[in-house]
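Quick notes on the structure that follows.
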Amino acid sequence: MKVLLDIPDNQYNEILAIISTYKNIKLEKLTETEAQFVSELSESIRDVNLAIQGELKPKLARELLDEL
């Protein structure tokens, strides 16, 4: 299982010390670019789920192209 944690800078060392005591947990720090990509992807997935549930009106393809 993979889990993404967003840890405040002032708690990073403490959380890292706790997690690193578990030998079977692999830690990987993301670059700023990777973190931004994951954040934007997560937001997009939330939007899709809200659209499926009818809580968000999906954008038309033309609207998406106009944003580019």
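Bear in mind that the values in this text are calculations on the coordinates, not laboratory data. Since the model is a prediction, treat every value here as computed from it, not as a measurement. Cβ: placed from backbone, ideal geometry, glycine included. Neighbour counts: every protein chain shown.
Subtracting the Cα-Cα distance of E63 and N10 from their residue separation scaled by 0.36 nm leaves 15.1 nm. Summing charges over all other residues whose Cβ lies under 12 Å from the Cβ of K59, with Lys and Arg as +1 and Asp and Glu as -1, gives -2.
Taking one quarter of the surface of the C-alpha convex hull of the chain gives a mean projected area of 7.0 nm². Which of V48, V3 has the fewest other C-beta atoms within 10 Å, and how do the rest follow up to the most? Listed from fewest to most nearby Cβ atoms, that is V3, V48. Angle, helix 32-52 long axis vs. longest principal axis of the chain, Cα atoms, 0 to 90°, nearest 10? Approximately 50 degrees, to the nearest 10. What the Cβ-Cβ distance of V48 and K23 gives, at R0 = 30 Å and to the nearest 0.05, is a FRET efficiency of 0.20.
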